[in-house]
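Structure, as structure tokens:
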Amino acid sequence: MLLASRTVRVVLVDIGALVFDVFGTVVDWRSGVVRDVRRLLPGVDAEAFADAWRGKYVPSMNRVRRGEQPWTPLDDLHRASLGELLAEFGTDAPDDVRRELVLSWHRLDPWPDSVAGLARLEQRYVIASLSNGNVALLVDMAEYAGLPWNRVLSAELFGHYKPDPEVYDGAARLLGLPPERVMLVAAHVYDLAAARARGLRTAYVHRPDEDGPAAARPPATDPEADFSVASLTELAARLGV
């Protein structure tokens, strides 16, 4: 018996570059951090620790965005949050272990579809990170995970964290393209909405497992996005690559 194959609707859009959110969209941040916490902090609930660390991510960046502290790269924000977490979990770690824990954010595994999807998209488009991670973090991660970026764009280049408009404006400027020829690909609706407000095209990637099994599920689609897909390989197919 023949099984009906799924029909993929190809949509041609006039874009020159795809820029990607990275944490959660391209790589599985939670599994990687849990793995290293379990290795480096035996006796600590690694999943709870990783979730609590991620919970400090947005508040720490918001202090920078509001001008409550000067520009601070994400590695340094992670290091400061780690110190708070160790105290909250009633434990401590020597400096070398703290350094290794911060570097856990540099060695995150890609989602199963990410490398293949990026490789296909790279055949037709410039593909670049557009992450709140600092440049050194993103370069290390690309090498570790085999992410074939043409460019590495980071909030660090603009002195602003997403969703500040300077990040999206700066990405288009550095790519030498008008905003409407740049598409942000992300698993986070707030990121996509901020990009659209600056004139970028958008693609939503549904990553239901990003925050772990106990977390609330993200929406299956973003009705405002140009595309809503379940993987980067699906996005490549929708774009005819």
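The values are calculated or read from the model by the stated rules, or taken from the named source; none is laboratory data. Computed from a prediction, not measured in an experiment: that's the story for all the values here. Here the Cβ is made from the backbone with ideal geometry for all residues, glycine too, and neighbour counts use every protein chain on show. Surface areas here come from the heavy atoms of the whole protein model, side chains and all, with no ligands, DNA or RNA. Shrake-Rupley method; radii C 1.70, N 1.55, O 1.52, S 1.80 Å.
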Legend entry - Per-residue SASA entry for GLU156, accessible area with 1.4 Å probe, Å² rounded to 10: 70 Å²
Inset, instruction - Please report, in debye to the nearest 20, how large the charge dipole of the chain is about its Cα centre when each Lys and Arg carries +1 at its beta carbon and each Asp and Glu carries -1 there. - result: 660 debye
Legend entry - Charge-dipole axis of the stretch 127-241 as Lys and Arg at +1 and Asp and Glu at -1 on Cβ define it, positive-most pick from ASN150, ALA214, PRO163: ASN150
Inset, instruction - Run the accessible area of the chain with a 1.4 Å probe and give the carbon-and-sulfur part as a rounded percent. - result: 53 percent
Legend entry - Efficiency of FRET from Cβ geometry, ALA215 and SER31, R₀ 22 Å, rounded to 0.05: 0.95
Legend entry - Counted charge near HIS160, where neighbours are those whose Cβ lies closer than 11 Å (Asp, Glu -1; Lys, Arg +1): -2
Inset, instruction - At 1.4 Å probe size, with no ligands or nucleic acids counted, give the accessible surface of HIS206 in Å², nearest ten. - result: 40 Å²
Legend entry - Cα centre as origin, Lys/Arg/Asp/Glu Cβ charges: the stretch 42-166 dipole, Debye: 520 debye
Inset, instruction - Could you give the size of the charge dipole of the stretch 99-241 about its Cα centre, using +1 on the Cβ of each K and R and -1 on the Cβ of each D and E, expressed in debye and rounded to the nearest 20? - result: 360 debye
Inset, instruction - Enter the accessible area per residue of the stretch 6-128 (Å², integer; probe 1.4 Å; all protein chains in place). - result: 46 Å²
Inset, instruction - State which helices in the chain qualify, where a helix is a whole DSSP H run, it must extend 18 Å or more along its own axis by its Cα atoms, and its mean Kyte-Doolittle hydropathy must be at least -1.0. - result: 74-88
Inset, instruction - Normalising by the residue count of the chain, find the relative contact order in percent from Cα pairs under 8 Å and 6+ residues apart. - result: 26 percent
Legend entry - Helix-only [θ]222 nm of the chain, DSSP H runs n ≥ 4, -39500 (n - 2.57) each, per residue, nearest 500: -12500 deg cm²/dmol
Inset, instruction - Post the alpha-carbon centroid distance, the stretch 140-218 to the stretch 92-121, in whole angstrom. - result: 17 Å
